[in-house]
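Only the coordinates and a few stated rules stand behind these numbers; no lab work does. Since this is a predicted model, take the numbers as computed values, not measurements. Here the Cβ positions follow ideal geometry from the backbone for every residue, glycine too, while neighbour counts run over all protein chains shown.
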Amino acid sequence: MTAAYVALEGGHVIEGRGRSPGTARGELVFTTAYTGYEESLTDPSYEEQVLTFSYPLIGNYGVREERFEDDRVHPRAVLAKELTRDVAEWLESEGVPSIDHLDTREIVIDIRDGGAMKCGIAVGDDVTEEDALAELDRCKTMSEHTDIGAQVSVEKPTIHGADNGGPDVALVDCGAKGSIVDSLLEREATVHVLPYDTSVEAIDDIDPDVLFISNGPGDPTNYENAISLVREFVEDTPVAGICLGQQIVAEALEGTTEKMTFGHRGINQPVLDLESGRVVMTTQNHGYTVADPGDHLEITQVNVNDDTPEGLDGLEYDVITRQYHPEANPGPEDTLDFFDDVLGMTDSQTTAAVPADD
Ligand SMILES: NC(=O)CC[C@H](N)C(=O)O
């Protein structure tokens, strides 16, 4: 059996069964999602993290490229109770170490008690506990990855749906999930996917109907360029954001963000809409949250479990954001109408809304 070690912050080392070899380090987090492992493993927001699945069997419906959110696996390593051979072989082909036969209940309790923490991973025929501890030693916090956007963003602008004839959306790609682009294209928008460090002039040239800030990994305060783009355009252009995008919008408009203890990662996070009183089930993957929306944004939706802000609206500007993932890949499809609301902010909106249960 291939040796496999997880070294947790503080120095405690856990042993499991190696399923794909390699050494790695990252912030140790867990997701409670019981489906959607293909989408989660290709979600750029997991960059520099080690993902623990709390659901005990991962891989039982195979690995299908059409479910991928990006062209590579983003977590640095994967931990589970049981991984199928399909998933283990996929991770091996991607060079991502994985370990199973772990007591993931114990790992989840450690993370809930201690918070998301650094960890080191070593998997291979000749690895030792010391190799995992050496990785732990070199592990940075998420905030210390100050230019993480460069690891996940497009390098050059790309245009999707140029012939759609609908509104032009400038999507600042801080690690965008593919299904965010798809959700906009389904509504006949033209989507300009732009590098995370794109310039004001490049956006001026597009003259977009909406400026959209994507999801993405790491600490929102490290995305200085995206923060300044929101400040630059918000007076004249509607602004939308998902997850990291909500946090960046808050930072731009005199709000603040903070790190949560262990975050929200799963597909059954209940969210209350304050105006309608309706509760929806949502897909989530975040470790930071808006602490204070400031004086230019109001909280429109909150998490039923802990009251954290899940939706923001601009008070004097056209702004709507969500902390969860309304594109619902994976996940319950209660929230797809967010994209209708985003395109509804544009003057040039010409397309009919797509029903949420399509
Ligand atoms: N999915 C995301 O966009 C994550 C946002 C941010 N990196 C966080 O962890 O809170």
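Among the residues of region 135-163, those that are free of Cβ contacts under 8 Å to residues at least 60 places away in the same chain, out of contact with any Gly (no Cβ under 8 Å at 6 or more places or on another chain) and not β-branched (Val, Ile, Thr) comprise GLU144, ALA150, GLU155, LYS156, PRO157, HIS160, GLY161, ALA162, ASP163.
Here's the yes/no breakdown for (1) away from the ligand (no atom under 11 Å from the Cβ); (2) on the phi > 0 side of the Ramachandran plot; (3) in contact with a Leu (Cβ under 9 Å, 6 or more places away or on another chain):
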{"site": "LEU194", "(1), (2), (3)": "yes, no, yes"}
{"site": "ASP197", "(1), (2), (3)": "yes, no, no"}
{"site": "VAL200", "(1), (2), (3)": "yes, no, yes"}
{"site": "ILE213", "(1), (2), (3)": "no, no, yes"}
{"site": "PRO217", "(1), (2), (3)": "no, no, yes"}
{"site": "ILE227", "(1), (2), (3)": "yes, no, no"}
{"site": "ALA240", "(1), (2), (3)": "yes, no, yes"}
{"site": "GLN247", "(1), (2), (3)": "no, no, no"}
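Here GLU106 passes the criteria (1) within 26 Å of the chain's Cα centre (by Cα); (2) acidic (Asp, Glu); (3) closer than 13 Å to TYR5 by Cα except the one numbered (3).
Summed over region 127-145, residues that are part of a loop (DSSP other than H, G, I, E, B) and either touching a helix residue (DSSP H, G or I) at 6+ places or on another chain (Cβ under 6 Å) or closer than 25 Å to PRO44 by Cβ (or both) total 7. Screening GLN269 with (1) in contact (Cβ under 8 Å) with a residue 12 or more places away in the chain; (2) surrounded by fewer than 24 Cβ atoms within 10 Å (Cβ to Cβ) gives one miss only, at (2). Checking each residue in region 258-301 for being among the small types (Gly, Ala, Ser), more than 10 Å from the ligand (Cβ to nearest atom) and within 26 Å of GLU38 (Cα to Cα) picks out only GLY266.
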